[in-house]
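The values are calculated or read from the model by the stated rules, or taken from the named source; none is laboratory data. All values derive from a computational prediction rather than experimental measurement. Note: ideal-geometry Cβ built from the backbone for every residue, glycine included; neighbour counts use all protein chains shown.
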Amino acid sequence: MSGKSTVACALSRELHCRGHLTYVLDGDNLRHGLNRDLSFKAEDRAENIRRVGEVAKLFADAAGIICITSLISPYRKDRVMHAVLYFRILDLLNTRALQVFMDLPLEICEARDPKGLYKLARSGKIKGFTGIDDPYEPPLNGEIVIKMKDGACPSPKAMAKQVLWYLEENGYLQP
């Protein structure tokens, strides 16, 4: 796990401290409710992303809430079609979705896996697991790319601050 949920929550807190209404739509949590009928097959992953994107748009359009989604989107075509990549950060004025790519090595994702899902996938107990026996297609042009620096992985708070800096520098956050 790259830390998507942790970074999404840290970003939400940072935005909230600056007076913005936010809500985090976490992929793991949504799989227990709204998307519990979906598997991890490619077509269901696409539907998962579509549903989450629609809910995020409703939050932004109806309530002016900055919605941050935390989910894996392994296929380029789904990211392009639904404009969702890990976090869908919706600009309050035009619901523009920004793409954030957490470009971290698989070893880091495995080391951060509190549920032991990578271990289960490597042992064959989980099929179609992204990065193990199902492909991950890196984005061609994420607006924000989070990478390791000098061989070290930034903290979730530092990652959230990188996203926040981008939002502020590009005029997405109006006081």
Step by step: first the residues of the range 19-46, then only those that are in contact with a helix residue (DSSP H, G or I) (Cβ under 8 Å, 6 or more places away or on another chain) and of a type in the set (D, E, K, R), then the one that is surrounded by the fewest Cβ atoms within 10 Å (Cβ to Cβ). Which residue is that? D28
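When you look at R112, is it of a type in the set (K, R), surrounded by 17 or more Cβ atoms within 10 Å (Cβ to Cβ) and at pLDDT below 85, yes or no?
Against the criterion (of a type in the set (K, R), surrounded by 17 or more Cβ atoms within 10 Å (Cβ to Cβ) and at pLDDT below 85), R112 does not qualify.
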From the set of residues in the range 55-96 that are touching an Asp or Glu at 6+ places or on another chain (Cβ under 9 Å) and charged (D, E, K, R), which is modelled with the lowest pLDDT? R79
For residues that are among the aliphatic types (A, V, I, L, M), part of a helix (DSSP H, G or I) and within 22 Å of G131 (Cα to Cα), tally how many sit in the range 55-83. 2
Filtered residue count, the range 118-175, keeping only those that are among the small types (G, A, S) and in contact with a helix residue (DSSP H, G or I) (Cβ under 7 Å, 6 or more places away or on another chain): 2
Within the range 116-156, the residues that are among the charged types (D, E, K, R) and in a loop (DSSP other than H, G, I, E, B) are K125, K127, D133, E137, E143, D150
Qualifying residues in the range 14-54 (those that are at pLDDT 90 or above and β-branched (V, I, T)) - the one farthest from T130 (Cα to Cα): T22
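Which count do you get for residues in the range 1-13 that are modelled with pLDDT under 90 and either charged (D, E, K, R) or assigned to a strand (DSSP E or B) (or both)?
1
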Determine the pairs where a residue that is free of Cβ contacts under 8 Å to residues at least 40 places away in the same chain, located within the range 12-25, has a partner that is of a type outside the set (K, R) with Cβ atoms under 7 Å apart, the partner being 6 or more residues away or on another chain. H16/T22
